[in-house]
1. Considering only the other residues whose Cβ falls under 13 Å of the Cβ of P91, what net charge follows from Lys and Arg at +1 and Asp and Glu at -1?
2. Could you look at the chain and say what percent of its accessible area is carbon and sulfur, using a 1.4 Å probe and all protein chains?
3. Compute the acute angle (0 to 90°) between the alpha-carbon long axis of helix 248-258 and the principal axis of greatest extent of the alpha-carbon atoms of the chain; round to the nearest 10°.
4. The stretch 34-69 to the stretch 217-236: how many Å between their Cα centroids?
5. Using alpha carbon coordinates only, what is the Rg to Rh ratio of the stretch 10-79, with Rh defined as the Kirkwood radius?
6. State whether the stretch 218-290 is rounded, prolate or oblate according to the following rule on the C-alpha gyration tensor (a ≥ b ≥ c being the square roots of its eigenvalues): a/c under 1.5 gives rounded; otherwise a/b larger than b/c gives prolate, and the remaining case gives oblate.
7. Please state the shape class of the chain: rounded when a/c is under 1.5, otherwise prolate if a/b exceeds b/c and oblate if not, all from the C-alpha gyration tensor.
8. Based solely on its DSSP helices, what 222 nm [θ] is calculated for the chain when runs of n ≥ 4 H residues each add -39,500 (n - 2.57) and the sum is averaged over all residues, nearest 500 deg cm²/dmol?
Amino acid sequence: MGNVLSYVAGVFLVLGLMILVHELGHFLAARIFGVRVDVFSFGIGPRLFGYRRGPTDYRVSLLPLGGYVRLAGSDPSEERSGAPEEYLSRPRWRRAIIASAGPVMNVMAAIVLMTGVFHAGFPRPAFLDQPARIGAVDKDSPAAKAAIQPGDLIVRLENWQNPRWEKINFEVLSSAWRPLSITIRRGEQELQTSIQPVAQGREQTGYAGWLPSEPAIIGSVEPGKPADRAGLRPGDEIIALDGDRVWSRDLLSRLQQIGDRETTLTVLRAGQNLDSRVRPAFMERGGQKVWAIGVSLPQPITLRSLPLHLAFVESLDWNYRNCGMIFDVVIRLFERRLSLRALGGPIDITRQSGEAAQRGLLDLVYFMALISLNLAVLNILPIPILDGGHILVLAVEGTIRRDLSLRLKERIVQLGLVFLILIFGIVMYNDILKLTR
């Protein structure tokens, strides 16, 4: 029951509140420019209750998923009085600002939310902020076929010099079956090659078969196991097996190659390298028997609590980078470089919202910021019905210095509606597939 409540609360907070913020942007801009607001609704569907203040009916509607604003004289098919307080009576540039105010408010909300997250201190995998060094390569993977090895440093991917893992992961996920040029540094040499990620999973996202290097720092040692008998301690960093550098991600696979053969394990402790002899034992891990030494290797996490002004700067950078990635995803979908199966809809947002709510407040706020930013970018696209479509029509009318015919506008709206219904059908189908996995 608690899980269900977390999921319900999560989706209302994330999707409902961020859509309401969007509509609040339109409401405030309309009020500033003297456009009468007939209805400001929290939720959609039939009116439950509310109150009237001035000309506006502030209401709570049946379904608390977002909201809407109804502006006076905004429907060109309805009869208008021509009063200056009607939306279509205002100059086009003012109507464009009202249309863009929703996405702008979503961006502002994302900036404020992420400022709070960075100020409070958000846990983040440490490898994302480190040079992109390969820690492990899956057998027969695209990375293995490109002769990439553990320890290689990625110094260029396509046109990006010294990319971080966040950028690399995005490029790989959105580039299934498309070759990516790559330059790696191995020792003192720089080698140029290419890798062609393959589509994987129901989402058909790209898979390269490499894992980032993370130090193999021991979190705990199981009593009586090989590591315990060899004198290893929590906090020791395993740096080599038989003299070869080893990382957290490839330690288990290296142990499978060694089997029950005794090996020299080198650890870093208090700034000194110590060698120990250890013989792996056959143990159960994740429901299967594997060769292991009896240690846990937790993923290193960074937790930075920034001063408010620096948190704001970091938030601006985060929003800028993620805006770029969202636009990239849209472009790659149209270029067919990314499968439509990667798209998620309301059901997927509900699931992710509930999971974020269960992980804690910071995770939920982070997800709210991400959804708010997605709403901003997607609504500004030049698609009929969406804000970007309205702005495009206003721009065309401003260029030709006359209104488009009502018949043409109706056809544009119908085209946009069909497109959105098609997209909605695709994302709902994807959501259902994910539930059946």
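The values are calculated or read from the model by the stated rules, or taken from the named source; none is laboratory data. Owing to the predicted nature of the structure, the values given are computational and were not obtained by experimental measurement. Note that we place each Cβ from the backbone using ideal geometry, even for glycine, and neighbour counts take in every protein chain shown. All accessible areas refer to the heavy atoms of the entire protein, side chains included, with ligands and DNA or RNA removed. Shrake-Rupley method; radii C 1.70, N 1.55, O 1.52, S 1.80 Å.
1. Spelling it out: positives minus negatives among the neighbours equals +2.
2. About 59 percent, which is the carbon plus sulfur part of the accessible surface.
3. Relative to the chain, helix 248-258 is tipped by roughly 40 degrees.
4. Going from one Cα centre to the other spans 62 Å.
5. The Rg/Rh ratio comes out at 0.99.
6. Taking the square roots of the gyration eigenvalues as a ≥ b ≥ c, the stretch 218-290 is prolate.
7. Prolate is the answer for the chain, as a/c is 1.5 or above and a/b outweighs b/c.
8. Rounded to the nearest 500, it is -14000 deg cm²/dmol.
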